[in-house]
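A.B. asks: Got a structure here, written out as structure tokens. Questions coming.
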Amino acid sequence: MDRSTTSGRQQTETAPPLVAARPAAAGITVAVACLGFFITTLDTTVVNVALPDIGHQWNGQVSGLQWVVDAYTLVFAALLLSAGSVADRIGATRAFGVGLSLFTVMSALCGFAPTMGTLVAARAVQGAAAAVMLPASLSLVRQAYPDAAGRAKGIALWTAGGGVAIAAGPAVGGALTSGLGWRWIFFINLPVGIAALVGLLRAPKSQPRPASLDLGGQVTAVAALAALVFGVINGGAHGYGSTGTLVALALFVVCAIAFVTVERTRPHPAVPLSLFRNRSVAVTTSTGFVLNFGFYGFVFVLTLFFQQQRGASPLAAGLMFVPMTAFTTVINLLAGRLTNRYGHRFPMILGMLIQAADLLALLAVGRHTATPVILLLLVPLGIGGGLAVPPLTSAMLEAVDAERAGLASGILNSARQIGGAIGVAVFGALIAGTSGFMTGMHTALLVAAVALLLATATVALLLPRRHHAEPA
């Protein structure tokens, strides 16, 4: 297989052939990229706290609220497979501008949405825009600083933008929903988007480059994921023996087979299946899926638990997530040191074991559990994730040749986003079932803990202690 042109994503990771930007222009470019990454990440976390109010607006069921989250995440995850190719073909600056403009317009439409259906449709288009923006924003950082030292600083700032969005999202969403109403969680994107677009006018223009675009693989991937998520959500609402659920799951199987067939026959597939012959790639991809499956699925349930079962306000519910997310950045740094000293396996295993043990401890939580106890029990979830994710990412990148780093990164990010979408679908179906909310929540906790323990065992048994790039 031609490693130099396997996919557009790996080309996106290669610094464009541009001269160094002036310091002022470079700073503006990085600031713009950070703002873009901030709002796309914020929209994966800020919405959860507002879900009960959104449901109250239109008397929506849990299934409708699941789609408010998953319409964004699913399209975002699926289109990441080819978004890097799009950025290459039209230039990172133009791709980022188009994505940011569309994202900002769709944020306004979400805020003014007259129906749940309109909101879900606008969220899906938001997800498509975010998928275009993400690889383009990283390319902007890379072209702003061609030198390695400057690029490292720029990427650190870019990463920090996403970290701040994850940590602040629940609190920001709660404050806006309580103070101004749920529609403002979308309106808040407008000034940020406009400011980023103004800054983009001063960024150096990227040159388009040839890049293959796997439309067949992209279409079948989106169709397969949409059918699977619909089947899981519909099964929770109407039963897994219902006609709609069975048709959706059958369509998933057909589209998944079509996706594999297309990827095997394409000369430059979006997801080269041969890459998964590399044991490290297979293990890290599946582990990334499981980490987001449990985390984002449980955050969805926890939001409804705080407000619907315990009567908390959106602001109070948002603040209750702060202890879980507050230490993430610090723990990320610690994970880097542990990885340098002990390798990838130790912090990954430690982090997942902490999360699994904490999920089992949360089985003791009920409607009347004291708030300080719940807050204390949520802290290890953030610590465990902070320990596991950085070595997971570095393990994936070190497992492949340098020219495939972008490809591997894109696959891992897509797998993690898909895991989050499936987690929301599965856990939402559990709490919407006939057994009741609390039984469904406890079942979700068990499912997440078991998945993490299986992933931990997989890492311990199959992930090599020291990585060397393996041929794929």
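The values are calculated or read from the model by the stated rules, or taken from the named source; none is laboratory data. Just so we're clear, the structure is a prediction, and the values are computed from it rather than from any experiment. Because the Cβ atoms are built from the backbone with ideal geometry, glycine has one as well, and the counts that use them run over all protein chains shown. Just so you know, the surface numbers come from the protein's heavy atoms only, side chains and all, with ligands and any DNA or RNA stripped out. Shrake-Rupley method; radii C 1.70, N 1.55, O 1.52, S 1.80 Å.
A.B. asks: Can you work out which of the residues in the stretch 360-387 that are part of a loop (DSSP other than H, G, I, E, B) and open to solvent by 60 Å² or more (accessible area, probe 1.4 Å) is nearest to I166 (Cα to Cα)?
C.D. replies: R367
A.B. asks: Is it true that N292 is touching a Pro at 6+ places or on another chain (Cβ under 9 Å) and polar (S, T, N, Q)?
C.D. replies: In short, no.
A.B. asks: Give the stretch 318-358 a look and list any residue that's in contact with a Gly (Cβ under 9 Å, 6 or more places away or on another chain) and of a type in the set (F, W, Y), or say none.
C.D. replies: F321, F327
A.B. asks: So, in the stretch 329-348, how many residues would count as being open to solvent by less than 40 Å² (accessible area, probe 1.4 Å) and of a type in the set (S, T, Y)?
C.D. replies: Of the residues in the stretch 329-348, 1 are open to solvent by less than 40 Å² (accessible area, probe 1.4 Å) and of a type in the set (S, T, Y).
Matching residues to (1) open to solvent by 40 Å² or more (accessible area, probe 1.4 Å); (2) among the aliphatic types (A, V, I, L, M):
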position: A226; (1), (2): no, yes
position: I233; (1), (2): no, yes
position: Y240; (1), (2): yes, no
position: L249; (1), (2): yes, yes
position: R264; (1), (2): yes, no
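A.B. asks: Regarding A357, is this residue open to solvent by less than 30 Å² (accessible area, probe 1.4 Å), more than 24 Å from A312 (Cβ to Cβ) and either of a type in the set (G, A, S) or part of a helix (DSSP H, G or I) (or both)?
C.D. replies: So A357 fails the test.
A.B. asks: Let me confirm something: among A448, A444, A472, A455, which residue is in a loop (DSSP other than H, G, I, E, B), crowded, with 20+ Cβ neighbours inside 10 Å and either at pLDDT 90 or above or more than 22 Å from the chain's Cα centre (by Cα) (or both)?
C.D. replies: Only one candidate passes the filter, namely A472.
A.B. asks: Quick one: which residue in A121, A131, A136 is touching a residue at least 12 places away in the same chain (Cβ under 8 Å) and open to solvent by 50 Å² or more (accessible area, probe 1.4 Å)?
C.D. replies: Exactly one of A121, A131, A136 is touching a residue at least 12 places away in the same chain (Cβ under 8 Å) and open to solvent by 50 Å² or more (accessible area, probe 1.4 Å), namely A121.
A.B. asks: Scan the stretch 162-172 and tell me whether some residue there is under 14 Å from G36 (Cβ atoms), within 16 Å of the chain's Cα centre (by Cα) and either open to solvent by 30 Å² or more (accessible area, probe 1.4 Å) or among the aromatic types (F, W, Y) (or both).
C.D. replies: yes
A.B. asks: Just to confirm my filter: which helices (runs of 4 or more DSSP H) fall fully inside the stretch 87-189 and include at least 1 residues that are under 23 Å from T29 (Cα atoms)? Walk me through how you get there before you give the answer.
C.D. replies: On the way: elements: 92-112, 116-144, 148-179, 184-187.
Qualifying helices (runs of 4 or more DSSP H): 92-112, 116-144, 148-179.
A.B. asks: Something else about it: Which ranges mark the helices (runs of 4 or more DSSP H) fully within the stretch 284-354 that have 1 or more residues being under 21 Å from the mean Cα position of the chain (by Cα) and either hydroxyl-bearing (S, T, Y) or within 26 Å of A457 (Cα to Cα) (or both)?
C.D. replies: Fully inside the stretch 284-354 and qualifying: 322-325, 328-342.
A.B. asks: Spot the failing condition for L79; the list is (1) modelled with pLDDT of 90 or more; (2) in a helix (DSSP H, G or I), and only one is missed.
C.D. replies: Of (1) modelled with pLDDT of 90 or more; (2) in a helix (DSSP H, G or I), only one is false for L79: (1).
A.B. asks: List every residue pair whose Cβ atoms lie under 6 Å apart, where the two residues are 6 or more positions apart in sequence or sit on different chains, the first residue falls within the stretch 147-162 and is of a type in the set (G, A, S), and the second residue, located anywhere, is open to solvent by 30 Å² or more (accessible area, probe 1.4 Å) and modelled with pLDDT of 70 or more.
C.D. replies: Cβ pairs passing all conditions: G154/Y145; G161/F37; G161/F38; G162/F37.
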